[in-house]
Amino acid sequence: MVTETSKHGSAGSGKKVLVRFKRQEDLREKPHWEEFSLDHRPGMNIIICLRDIAEHPVTSDGKPTTPIAYDANCLEEVCGACAMVVNGRPRQACSTLVDSLQQPIRVEPLSKFPIVRDMIVDRSSMFTNLMRMKAWVPIDGTYDLGPGPRMSPETQEKHYPLSRCITCGNCLEVCPQVNENSAFVGAAIISQVRLFNSHPTGAMHARERLAAVMGPGGVADCANAQNCVEVCPKEIPLTESIAEINRQAIRQAVVGWLLG
Amino acid sequence: MRQPKIIVVGGGLAGLMATIRAAESGVTVELFSIVPVKRSHSVCAQGGINAAKNLKGEGDSTAKHFDDSIYGGDFLANQPPVKAMCEAAPGIVDMLDRMGVMFNRTSEGLLDFRRFGGTLYCRTAFAGATTGQQMLYALDEQVRRFESEDKVKKYEGWTFLSAVLDEGKVCRGICAMDLKTMEVRTFPADATIFCTGGIGAIFGRSTNSVVCTGSAQSALFQQGVDYANGEFIQVHPTAIPGEDKCRLMSESARGEGGRMWVPKKPGDARRPREIPEAERFYFLEEWYPKYGNLVPRDIATRAIHKAVYELKQGLDGRPAVYLDVTHIPRDTLNRKLGGILEIYEKFLGVDPREEPMRVFPAMHYTMGGIWIDNENAATNVAGIYAAGECDYQYHGANRLGANSLVSCIYGGMVAGPASIRYARGLEKGYESVPATLFDAERRKQEFINESLLHQEGTENPVTIWNELGEWMNEHVTVVRHNKNLERTDAKIQELLERYKKINLSDRTSWSNQTLSFCRELYNMLILARVITIGALRRDESRGAHYKPDFTERNDAEWLKTTRASYDRGQIKFSYERVDTGAIPPRARRYDAQA
């Protein structure tokens with residue numbers, strides 16, 4: 001089967017792409033930069049650059065090197081794996097097209113998570129925080145209990161965007177409150193609290209989630225920089241989510257105080 | 001009472017469902033996944049999940065869903081498990097709804113349903129055009145809840161290497177590798193459920209995710225687990241071709257009214273919107289008036305091939321056709337198809353609400369997979385179970401759109417409890433297996449790694465993989481000629497020889513992705529042979545398997561399941577009867593008017 005974009009097909013323009021990757025072999029090594037000169041093809045993204053390098057791991061000055069380690073999976077910006085900082089901005093490597101970038105392109109790993117190797121970072125803290133916030137609908141069981149609660153199309157349309165969070169970590173990367181001295185969970189996690197607190201069944205356990213999100217590293221740590229919403233690849237209304245959870249948290253705190 | 005221990009390999013929909021079912025019954029589960037489970041390939045499923053809930057007053061029923069699925073699969077599927085799946089589907093959608101999946105709603109607040117390929121009923125529940133993502137997240141959240149109660153332990157970032165089999169060929173656990181530290185370790189268990197998904201990487205570029213290599217299935221195959229109907233590969237009619245992957249444009253685009261066409265005049269250089277209605281050839285509507293744009297995928301894919309290669313009507317002479325949704329109101333598009341239209345816009349920089357999309361078929365799904373029995377999702381090796389795309393059970397010779405999500409969940413629901421029944425019935429649990437058995441397997445796998453890391457050679461693994469993909473895509477997808485299949489098998493054997501001379505460009509022992517890729521590559525090559533030889537042997541056309549030299553379905557000789565087994569380095573084939581007890585096979589004609 002011949003397809004429209006074949007690897008060695010219509011390309012051959014002779015144009016080159018210059019990409020610099022920030023490399024770090026392991027935790028002990030100091031990071032360093034390597035530059036690669038690659039054959040330009042239409043539709044080229046950062047993943048294709050990484051694959052070209054894996055097939056021919058030689059730097060632009062002719063020095064043999066190792067393939068660059070990186071996380072990637074779906075390649076259509078829905079799994080969240082391939083977040084990297086490209087030209088200073090966190091993005092998904094798969095949907096970042098070379099032609100939209102100024103060269104030389106600079107690619108670095110996310111800086112707010114522990115580095116593993118090259119572009120790979122350890123984002124497991126995001127999943128741990130989802131657990132702390134009890135980000136789920138506590139159902140009785142998976143046996144057949146009939147249909148779920150009815151929901152208006154309006155409510156569905158409001159919540160669906162929140163449930164498209166791909167846990168990429170971009171919002172944490174740009175948040176000044178996420179740093180070595182803070183435990184702030186970040187916008188993505190707080191937005192999930194909003195999602196589950198507004199689900200008809202999830203709402204029955206909103207108090208527990210609010211208690212968690214009022215704890216250390218919770219919603220109170222947000223300093224309203226509003227960078228998160230700028231870099232979310234799914235355009236999730238993160239700042240709205242934080243404002244809403246703030247309101248819910250204050251309400252719960254005041255009611256708790258009044259009832260002593 | 002002794003509580004058994006279950007291992008689940010793979011954290012997509014099937015793996016998570018099996019995990020939940022096992023954890024729910026109080027059993028401890030260890031869940032292994034290459035990627036954090038929330039990033040599994042199930043996120044890519046777009047259009048929806050089938051369940052005959054009949055909420056549109058059309059008279060739909062689970063019996064009709066069953067019939068559509070069997071007929072759509074060209075009668076190759078064993079019927080009892082498909083029937084049970086279709087009957088379970090409405091309950092599955094209810095369960096997902098209770099878990100909080102954000103399905104689209106009607107004005108009454110009920111679940112909305114749309115039409116999909118191969119049926120005349122609105123049977124597909126959907127959450128925008130990201131249904132798989134929404135479902136995966138719901139199951140991921142439930143598993144996280146069990147994790148918080150210490151009923152599930154996750155091993156994310158681990159890759160499966162081999163099963164640990166005792167002298168009686170009973171599976172006593174697995175051997176896996178930590179992709180960060182490269183540590184090889186064995187994990188004992190009473191039963192293991194494999195939910196390791198698709199095999200797209202064997203075809204180079206497909207709609208699949210990077211982890212869908214079929215490596216685990218192939219490793220098991222080489223250890224004696226049979227593989228069935230490998231030659232049945234679904235090529236999805238509508239994808240955006242790309243060098244790194246072919247991005248799917250869901251069938252739901254047509255379910256919501258999208259139309260496929262090419263200009264009547266070959267090579268027409270006008271922009272699509274400048275071509276008047278009368279000068280457009282809506283080939284699916286013309287050739288298949290009853291089902292129109294919603295014929296099953298194998299039919300639509302061959303129709304596109306005919307339009308492009310036989311009639312030479314591809315867009316400006318190239319292999320592409322239009323998928324047009326520009327006549328649908330923007331608001332409807334955003335509400336029901338937003339997710340996929342965004343993908344098109346981001347990757348091609350063109351707004352598909354304004355301009356018809358250029359699409360072409362791409363390898364998408366394997367109907368074939370690990371052989372399992374009809375009742376328990378059990379393989380032929382005691383203690384090994386399989387569910388999801390990696391099994392062969394539910395889709396026959398061609399899968400209907402939106403049936404994969406239901407088969408994943410249903411498969412997990414079967415395999416979870418069945419593995420526990422088996423584990424509870426064991427005379428001796430994993431604790432009584434001598435440590436030497438595990439040590440031996442670990443050393444064997446470590447030795448393979450060491451050999452790869454130290455060998456001096458001239459071959460690059462990525463180059464071998466690219467060649468494999470090009471050959472498989474060209475000769476083992478839509479149109480199959482015996483001569484080309486023979487050549488492809490010879491090519492794969494050549495690649496297996498060259499594999500012996502692989503030179504690892506990375507010899508480090510920390511997060512070495514080149515090493516893990518090489519392990520996968522070997523397994524891909526073996527499974528590629530199973531697929532290719534299976535196709536070569538089957539001299540008929542059925543569902544997705546099409547041979548121009550044998551254009552008819554041949555029930556007398558080929559209404560049977562292909563079963564491949566591995567015996568001392570040789571791939572062997574046998575065939576077994578298909579259970580067609582409920583619906584007698586009939587001719588499959590989507591072009592009929594009635």
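Bear in mind that the values in this text are calculations on the coordinates, not laboratory data. Since the model is a prediction, treat every value here as computed from it, not as a measurement. Counting neighbours? That spans all protein chains shown, and the Cβs are built from the backbone with ideal geometry, glycine included.
Please name whichever of B:A239, B:G48, B:P356 sits farthest to the positive end of the charge dipole of chain B, dipole taken about the Cα centre and charges placed at Cβ: Lys and Arg +1, Asp and Glu -1.
B:P356
Whose amide H sits under 5 Å from the amide H of A:V121, counting only residues 5 or more places off or on another chain, with H placed in the peptide plane?
Correct list: A:V116.
May I ask you to order B:61-72, B:523-534 by the average number of other C-beta atoms within 10 Å around their residues, highest value first?
Order by mean packing, descending: B:523-534, B:61-72.
Please compute, over every Cα-Cα pair in chain A, the percentage with a separation greater than 28 angstrom.
45
Assuming a viscosity of 1.002 mPa s and a temperature of 20 °C, what translational diffusion coefficient in µm² per second does Stokes-Einstein assign to the stretch B:4-163, Rh being the Kirkwood radius over Cα pairs?
Calculated translational D: 127 µm²/s.
Can you give the Rg and Dmax of the stretch B:12-51 based on its C-alpha atoms, in angstrom?
12.0, 34
I need the per residue convex hull volume for the protein assembly as shown, using only the alpha carbons, in cubic angstrom as a whole number.
Cα-based convex hull of the protein assembly as shown, divided per residue, equals 165 Å³.
Using only alpha carbon pairs under 8 Å that are at least six residues apart, calculate the relative contact order of the stretch A:17-153 and give it in whole percent.
Result for the stretch A:17-153 is 25 percent.
Taking chain A as a Gaussian network, where each spring joins two C-alpha atoms under 10 Å apart, which residue of A:D26, A:D71, A:D52 fluctuates the most?
A:D26
Quick check: the distance between the Cα centres of the stretch B:52-91 and the stretch A:134-154, to the nearest angstrom?
When both Cα centres are located, 24 Å separates them.
Note down the relative contact order for chain B as a percent, whole number, built from C-alpha pairs under 8 angstrom at least six residues apart.
Contact order relative to length: 22 percent.
Would you kindly derive the ³J(HN,Hα) couplings of the stretch B:328-342 from the backbone phi angles with the Karplus curve 6.51 cos²θ - 1.76 cosθ + 1.60 (θ = phi - 60°), listing them in order in whole Hz, with x for Gly and Pro?
8, x, 3, 5, 4, 4, 5, 6, 9, 10, x, x, 7, 5, 4
Among A:T128, A:P153, A:A188, pick out the residue whose Cα is farthest towards the positive end of the charge dipole of the stretch A:116-205, where Lys and Arg carry +1 and Asp and Glu carry -1 on C-beta, about the Cα centre.
A:P153
What is the stretch B:76-157 by shape, rounded, prolate or oblate, if you read a ≥ b ≥ c off the alpha carbon gyration tensor as root eigenvalues and call it rounded for a/c under 1.5, prolate for a/b larger than b/c, and oblate otherwise?
Oblate, since a/c reaches 1.5 and b/c is not below a/b.
What are the ³J(HN,Hα) values, in whole Hz, obtained from phi via the Karplus relation 6.51 cos²θ - 1.76 cosθ + 1.60 with θ = phi - 60°, for each residue of the stretch B:247-261 in sequence order, with x given for Gly and Pro?
8, 5, 10, 3, 4, 5, 4, 7, x, 8, x, x, 10, 9, 7
Suppose we look only past 16 Å in the calculated P(r) of the stretch B:275-363. What percent of the Cα-Cα pairs does that tail hold?
Cα-Cα pairs in the stretch B:275-363 separated by more than 16 Å: 60 percent.
Just how far, in whole angstrom, is the stretch B:110-132 from the stretch B:525-570 if you go by their alpha carbon centroids?
Taking the Cα centre of each part, the stretch B:525-570 and the stretch B:110-132 sit 32 Å apart.
Principal axis extents for the stretch B:178-257, Cα atoms only, whole Å, descending order, please.
Largest to smallest, the principal-axis extents are 51, 32, 22 Å.
What does the helix-only formula give at 222 nm for chain B: each DSSP H stretch with n ≥ 4 adding -39500 (n - 2.57), the total divided by the residues, and the result rounded to the nearest 500 deg cm²/dmol?
Per the formula, -11500 deg cm²/dmol.
Alpha carbon centre of the stretch B:196-253 versus the stretch B:277-310: separation in Å?
Measuring centre to centre over Cα atoms gives 24 Å.
Mind running the shape call on the stretch A:146-213? Use the C-alpha gyration tensor, a ≥ b ≥ c as the square roots of the eigenvalues: rounded below 1.5 for a/c, prolate if a/b tops b/c, oblate otherwise.
In terms of gyration-tensor shape, oblate.
Could I get the Rg over Rh figure for the stretch B:500-540? Both from C-alpha atoms, Rh via Kirkwood, rounded to two places.
Answer for the stretch B:500-540: 1.24.
Evaluate peptide B:132-142: per residue, the Cβ atoms of other protein chains within 10 Å of its Cβ; return the mean as an integer.
Per residue, the average neighbour count from other chains is 4.
What lysines could a cross-link reach from B:K151, if we take a straight Cα to Cα line under 22 Å and drop same-chain neighbours fewer than 8 places away?
A:K134, B:K5, B:K38
Hey, got the average number of other protein chain Cβ atoms within 10 angstrom for residues in B:471-478?
1
Please report, in whole Å³, the volume per residue of the convex hull around the C-alpha atoms of the stretch A:28-87.
Per-residue hull volume (Cα only) is 124 Å³.
Chain B: longest stretch without exposed GluC sites (Glu not before Pro) (DSSP loop, at most 11 other Cβ within 10 Å), sites themselves excluded?
Free of exposed loop sites, the longest segment is B:168-353.
Please sort by residue number the GluC sites (Glu not before Pro) in the stretch A:163-247 whose DSSP state is loop and whose Cβ has at most 14 other Cβ atoms within 10 Å.
Sparse-neighbourhood loop GluC sites (Glu not before Pro): A:E180, A:E235.
Write out the trypsin sites (Lys or Arg not before Pro) in the stretch B:554-594 meeting two conditions: DSSP loop, and at most 13 other Cβ atoms within 10 Å of their Cβ.
Answer by residue number: B:R568, B:R586, B:R589.
Hey, which of these cross-link pairs are over 30 Å Cα-Cα: B:K53/B:K336; A:K15/B:K264; A:K16/B:K500?
Correct reply: A:K15/B:K264; A:K16/B:K500.
Below 18 Å, Cα to Cα, which aspartates and glutamates can B:K501 reach? Residues fewer than 8 away in the same chain don't count.
A:E55, B:E450, B:E456, B:E459, B:E467, B:E520
Tilt of helix B:482-499 relative to the longest C-alpha principal axis of chain B, in degrees (0 to 90, nearest 10)?
That helix lies at roughly 40 degrees to the long axis.
Once amide H atoms are built 1.01 Å from N in the peptide plane, which residues 5 or more positions from B:Q234, or in another chain, come under 5 Å H to H?
Here the answer is B:H364, B:Y365, B:T366, B:M367, since their amide H atoms fall under 5 Å of that of B:Q234.
Under a straight-distance cross-link criterion of Cα-Cα below 18 Å, which lysines are reachable from B:K169, leaving out those fewer than 8 residues away in the same chain?
Answer for B:K169, where 18 Å is the Cα cut-off: B:K428, B:K444, listed by chain and number.
Have a look at B:V578, B:Y430, B:M249 and report the one farthest towards the positive end of the charge dipole of chain B, computed about the Cα centre with Cβ charges (Lys/Arg +1, Asp/Glu -1).
Value computed over the given set: B:M249.
Can you list the equivalent-ellipsoid semi-axes of the stretch A:109-199, largest first and in whole Å, using the square root of 5 times each Cα gyration tensor eigenvalue?
Equivalent ellipsoid of the stretch A:109-199: 31, 15, 12 Å, largest first.
Calculate the all-directions average of the projected area of the stretch B:446-594's alpha-carbon convex hull, and give it in nm².
12.4
Taking only C-alpha pairs under 8 Å that are 6+ residues apart, what is the relative contact order of the stretch B:536-594 in percent?
It rounds to 20 percent for the stretch B:536-594.
Mind scanning B:K306/B:K572; A:K112/A:K234; B:K306/B:K483; A:K22/B:K153; B:K483/B:K572 and naming the pairs with a C-alpha gap bigger than 23 Å?
Long pairs (Cα-Cα over 23 Å): B:K306/B:K572; A:K22/B:K153.
Which of the three applies to the stretch B:136-220, rounded, prolate or oblate, going by the alpha-carbon gyration tensor with a ≥ b ≥ c and a/c under 1.5 meaning rounded?
oblate
Strictly greater than 42 Å: what percent of every Cα pair in chain B meets that?
Beyond 42 Å sits 19 percent of the P(r) for chain B.
Each residue of the stretch A:68-81 in order: what ³J(HN,Hα) in whole Hz does its phi give by Karplus 6.51 cos²θ - 1.76 cosθ + 1.60, θ = phi - 60°, with x for Gly and Pro?
7, 7, 7, 9, 6, 9, 6, 6, 9, 6, 9, 9, x, 5
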